[in-house]
Structure formats: C-alpha cells, structure tokens
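Written below as structure tokens is the structure these notes are about.
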Amino acid sequence: MSNSISTELILVKELINKGKFEEALQHIKDIEQKENLSPEETLRTLKYKGRSYSHLGQFENALKITENLFQKSQDLKMPFFSLDALLSREGIFYSQQRFEEFFKTLKQHETLFESISREDSSEFQEREAGLLLWKAGREFHKGNLNLALDYQEKSLTLFEQVDPHSIYIPSILGTGRSYVYTSKGELDLALECDEKALSLIPEGEYFILILLKTQVYRNMGMIFHQKGDLNRALEYYKRVLELQKKAENPMGMWMNASYSNIIAVLLSKKNFNQAQNYLQQLKQFNEKYENKFGYLAYQIARASILKSSHRVRDLVKAEKILKKIVEENLGDISLSLVAPRALIDLCDLYLRKFRLTNQMEILDDMHPLIDLLQRDARYSNSYSQLALAKLFQAKLALLQINMVEARKLLTEAQKIADEHDLQLLAGAISREHDRLLEELKLWGSFKKTQTSVADRLKLASIDDVMERLQGRGAIDNLELVYEESILLLIMDSSGMPYFNHSFVSDWDIDGIFSAFMSAFNTFSSELFSKSIDRVKIGENTILINSVEPFLVCYVIKGQSYPASKKLIRFSEAIRENSEIWQALNNSMISSEMLELKNLSALRTVINEIFT
C-alpha cells in the first residue's frame, strides 16, 4: 500500500469514527479515481464505502457494496475483508430486524473466522472484536443475557485497544450492555452505560448517529419510567421523538413507539389532556405514513386513554378495541411489539372489572390471554415477560384459592428467570413464594369464609406484577440474608433416603429426621407431581431439586433464594462427579445409606458449597 493512499484511508476511517460519513464518501470517491490501486487498497476502500452508506441508512447501496467486497476478497483470497463484509451485513440485518438473514450471515461469519489462523495483530483483533459484537447480539436476542454481556465485554476491550475511537464502542455500551442490564433489571448499571455511550457518540444528524442517540434515550426513558421518575422518563422520550423527526426518512415503527411511550407516561402522571394531544399527533403521523403497525399503535394508545376513564362507556370501548386487536393480529409475527401490549392492557382492564363486579368468572377469561402472552414471549425470547406472565398467572390462581397451582406456577416462573440470567426477578419471585408459604393458613381461611375480593387482591399484591408487565415498577435489589443450614438429604421420589447430612451438631437427628420423613411421605405424591420446589414445615423450609432418579432436599431456616442457588450447584456437582454418582446408584441398588466418612469427594463438594 502506497504511503499517500494509506494516509488517505486512515483519514477516511477517522472521518467515519467522527460521524462525517458524507465527507468520508467524498474522499473515497477521490481514492477510487486513482490508478493502479493495490488489491488491499481496493478492498479497504470498498469496506469504508459500504460502512459509510450503512451509517447513512442507505442499506440497499450498502448491501450491494458489501456483496462486491465479499466476492472480490474471496477471489483474491484476502479473508479479513470477507469478514468485514459479513460484519456490515449483520449490522444491517439486525437493525432491520431481519433475524433469519442475520443468523445465517453470523454462522457464515463464525465459520470463516475459525478457518483463519490466529495472529497477534491489530488487523486480526479488530475482526475478532466485530465478530464478538454480533455474537453478543445473537445471545441477547436468544435471551442468554450473561453470555451476551461476556461477548460485549470482550468486544469492547478489543475495540478500545485497536480502534479506541470506533463508533462501535458507544454502540456496544448504549445499545448492547445497557439493554442487557435493563433486561436483567440492573437499572443503575444500565444508566452508567447509557451516559458513557452518550459522551462518545459524535455530533451530527446522520442516520446512525440519530439511531444511536434515540436508542440510548429510549432506554433511559424506560429506566426512569420503571424507577417511577415520570418527569425524567417523559424528558427522554420527548428527546427521542424530536431526534426521530430530524431523520431524513421517518423511522416508522419507532416513531409510533415513541408517541406510545409518551402517552403512557402522561397517563401515569394523570395528564389526560396532553395524552390526548399526543394521541392526535400519532393519528396525524399515521395518516401521512400509513402502515399497519402505526394503525395498531394508535388504537392501543387510544384504548389506554379510554381505559383510564371512570366512565363505563369508555371502558366498554377500550375493551372492544383491545379484543379486536388481539383476535385479528396476534398471529402476525411482524407485530410482535404490538400484540403483548394489547394483551397486557386487556388483562389490566379485566382486573378493573373484577374489582368493580367481584365476579370470579372474569379471572377465567384472563387465563387464555396470559397463555397467548406466554406464547408470544417464547417466540420473541422475551423471558422476563414470560416469567412475569407466569407470576401473574400464579396470582390469579391465588385469587381463586388454588394454592397448589399457584405454587407450581411460582416455581416455573422462578426457574425461567434463573435459567435466563434474570437474578433480580428470580429473587423477587422467590420472595413471593416464601411469603405465600407463610400465609398458607390465611389463604386457606379465605376459602372457608368467602373473604372479599378487595382483601384477596390486597394480599396477592397483583397490582405490582401488572405494573412490571406494563413497564413500570423497578425490581428492588435483593438483600441477601444467608440461610441457617439444617439438613441435606438425597432420596428418591417415594421418600426413600440414601444420604443425609446434618449441619447442626446438637440436633435431635432421629426425632426431627423422622418428622421430616413423615412429612415427605404425606406430601410427596402431591408436591412432586406438581413440580413444587419448596415446602414449609414449622419454622423450616425444605427446598427440593430433582436430579433424576433422585430428589435432593435442603432444609433451612431463612431466605430461600440464596439457598436454592446452593442446592442447584450441589445437584449439578453430584451429577457431574462420576465417583459420587456411582456411589448413589449403588446405594439405590443396595438400599443402604451413604456414609460421608466413606466418600471424600462428597465431603469436599459439601464443604465447598455450604460452608
């Protein structure tokens, strides 16, 4: 590469990082007119050209250029530039929510990257950083939040080393890590990422710069809405809308979402006149840029305003609108951002009717809606929504005094949250389950005395779950209070024990162990068949985890959530340790209890996890 061309290409890269894309394209045009460009100069010029068009939002041009880049780099056997082409295509497909094409391209990207010999160079590390960026995007889309964070951290570190002014850095912070932390409920960490991202986004009104800022501001609005700071939420949502209006091409579905968000905050502030004003603006916007998504966003916002009314006539209108949306549009994949909102608002409306009428059959009408909400959540990999829907379903079962079903659903909700790295939500659900166990007798008395709906609703605290489903109500940080360990048991589902270990030296093991066995034999068929993960007997809680064909039980006093994490670790450890697993299976055959003194591997595992 000649010195003059190398200098010009460095300048082009700097202009892109500063957000001066049209100026970069002018320099690229000058470079392309030069004679005798080397293969590397030609490919690098195509790379920056495609990236500039992509950042300007001219995706069709960008895709044509990156396809040309890919083919030429393959012909010239210069795979680094093939990786650049795939990286740009992934960014375009992801931003347009063309996920099938995104996943296909990422798979091709990974295969090509793995075929290249690893080297200690900035060129290699820059390509690795790009691949890690979109691997994080894939894991976030799939709901694997901790893995997404891990990839983002590695990508960020590499970009900061090899290209510290890269526009990918604020993108990783503001539309990557911030979104993951928000999904996990870790709102303060999300805000830190957003604020740092804003300080790094270049000034300008080009597509990618507006897109980055709107994504950051939108997330900050969501965070403050959850925190209950409605004024700041409104401030950031309005900033999003003003930026979107500056874009050359209206950001259709995103502008509809901005109007909807502003209306939601105004309704929370009980500012109905302004909400009506923005509803009219939303209507006018959709009359100008007509599309189905916008029409439905308008109808849902209209229904939200109607259902905030105290007039029966308005509530009936809202219900009619929401029912029609659900019936006609839930199966449309392209409307996955709309359908859940309609379902949640309809459930909220039914709850209001339930309060007014005390008619229990209204709760039955809500169960199919929650089933549909869960179906949508599974399809879109929205596991926080799925866990919250399960939690809401558990609350409905409580209102109907169906204790076993409520506990089963709480167990399922916590498992979903745990499996998808939603620790704050999992902890909150666990606290709900613990509270229910403490109040079982009270709930049982409601069934006999026909206690009022108002008292049931208050005890079930169902409004808290509805607020979270509607994007309001932050989850409190879990204050861990470590449990008092009492007993560890391994048995089969019939209650036949194969191992027990007491953590309390002065315990009357024989008497209390017999009492627990009696309780297990009484409840096991009902509880284990319903997949319930805990039982409360007196002051003690028994946590249960299945490791087929065994049940591992941990008896504690105190908070269940940190204890349940230990139990899961222990269950995994005994399954993965061949010596322990073989000893347990031998005990099952011989019906003899395992002795800790005869199995050092088991003693080591217990010491590492529980002490």
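Points worth noting:
- Residue ID - modelled with the lowest pLDDT, chosen from residues in region 590-611 that are of a type outside the set (D, E, K, R) and outside any helix (DSSP H, G or I): 611
- Filter result (under 20 Å from residue 206 (Cα atoms), in a helix (DSSP H, G or I) and not small (Gly, Ala, Ser)) within region 49-65: 49, 51, 53, 55, 59, 60, 61, 63, 65
- Residue 478 falls short on exactly one of the conditions (1) surrounded by fewer than 19 Cβ atoms within 10 Å (Cβ to Cβ); (2) modelled with pLDDT under 85; (3) out of contact with any helix residue (DSSP H, G or I) (no Cβ under 8 Å at 6 or more places or on another chain), and that condition is (3).
- Qualifying residue in region 108-126 (condition: in contact (Cβ under 8 Å) with a residue 24 or more places away in the chain, over 16 Å from residue 45 (Cα atoms) and either in contact with a His (Cβ under 8 Å, 6 or more places away or on another chain) or aliphatic (A, V, I, L, M) (or both)): yes
- Qualifying residue in region 440-451 (condition: of a type in the set (Gly, Ala, Ser), on the phi < 0 side of the Ramachandran plot and either at pLDDT 90 or above or in a helix (DSSP H, G or I) (or both)): yes
- Output for region 161-188, where each listed residue is under 18 Å from residue 87 (Cβ atoms), part of a helix (DSSP H, G or I) and not aliphatic (A, V, I, L, M): 161, 168, 170, 171, 175, 176
- Pairs where the first residue, in region 334-361, is within 20 Å of residue 305 (Cβ to Cβ) and modelled with pLDDT under 85 and the second is of a type in the set (Asp, Glu) and part of a helix (DSSP H, G or I), C-beta under 9 Å, 6+ apart: 339/376; 340/376
- Any chance residue 376 is outside the structural domain of residue 437 (by TED's automatic domain parsing), without any contact (Cβ under 8 Å) to a residue 60 or more places away in the chain and under 15 Å from the mean Cα position of the chain (by Cα): yes
- Selection status of residue 21, under 22 Å from residue 96 (Cα atoms), buried (at least 23 other Cβ atoms within 10 Å of the Cβ) and not polar (S, T, N, Q): yes
This table checks each residue for (1) at pLDDT below 90; (2) assigned by TED's automatic domain parsing to the domain that holds residue 394; (3) surrounded by fewer than 19 Cβ atoms within 10 Å (Cβ to Cβ).
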| residue | (1), (2), (3) |
| --- | --- |
| 525 | yes, no, yes |
| 529 | yes, no, yes |
| 533 | yes, no, no |
| 538 | yes, no, yes |
| 554 | no, no, no |
| 575 | no, no, yes |
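- Residue count for region 290-333 under the criterion of being surrounded by fewer than 18 Cβ atoms within 10 Å (Cβ to Cβ), assigned to a loop (DSSP other than H, G, I, E, B) and at pLDDT below 85: the result is 5.
- Given (1) part of a strand (DSSP E or B); (2) within 16 Å of residue 426 (Cα to Cα), index of the condition residue 546 fails: (2)
- Meets criteria (among the charged types (D, E, K, R), in contact (Cβ under 8 Å) with a residue 12 or more places away in the chain and surrounded by 18 or more Cβ atoms within 10 Å (Cβ to Cβ)) for residue 41: yes
- Any hit, region 457-471, residues being out of contact with any helix residue (DSSP H, G or I) (no Cβ under 6 Å at 6 or more places or on another chain) and among the β-branched types (Val, Ile, Thr): no
- Residue selected from region 21-47 under the condition hydroxyl-bearing (Ser, Thr, Tyr) and assigned to a helix (DSSP H, G or I), by the criterion farthest from the chain's Cα centre (by Cα): 42
- Any hit, region 261-269, residues being in contact (Cβ under 8 Å) with a residue 40 or more places away in the chain, in a helix (DSSP H, G or I) and among the hydroxyl-bearing types (Ser, Thr, Tyr): yes
- Residue that is surrounded by the most Cβ atoms within 10 Å (Cβ to Cβ), among those in region 116-151 that are in contact with a helix residue (DSSP H, G or I) (Cβ under 6 Å, 6 or more places away or on another chain) and of a type in the set (Phe, Trp, Tyr): 134
- Taking (1) farther than 30 Å from residue 186 by Cα; (2) free of Cβ contacts under 8 Å to residues at least 40 places away in the same chain; (3) not basic (Lys, Arg) in turn, residue 467 satisfies each apart from (1).
- Any hit, region 109-119, residues being of a type in the set (A, V, I, L, M, F, W, C) and touching a Phe, Trp or Tyr at 6+ places or on another chain (Cβ under 7 Å): no
- Taking the conditions (1) out of contact with any Phe, Trp or Tyr (no Cβ under 6 Å at 6 or more places or on another chain); (2) surrounded by 23 or more Cβ atoms within 10 Å (Cβ to Cβ) in turn, residue 204 satisfies each one other than (2).
The values are calculated or read from the model by the stated rules, or taken from the named source; none is laboratory data. Computed from a prediction, not measured in an experiment: that's the story for all the values here. All Cβ positions, glycine included, derive from the backbone under ideal geometry; neighbour counts span all protein chains shown.
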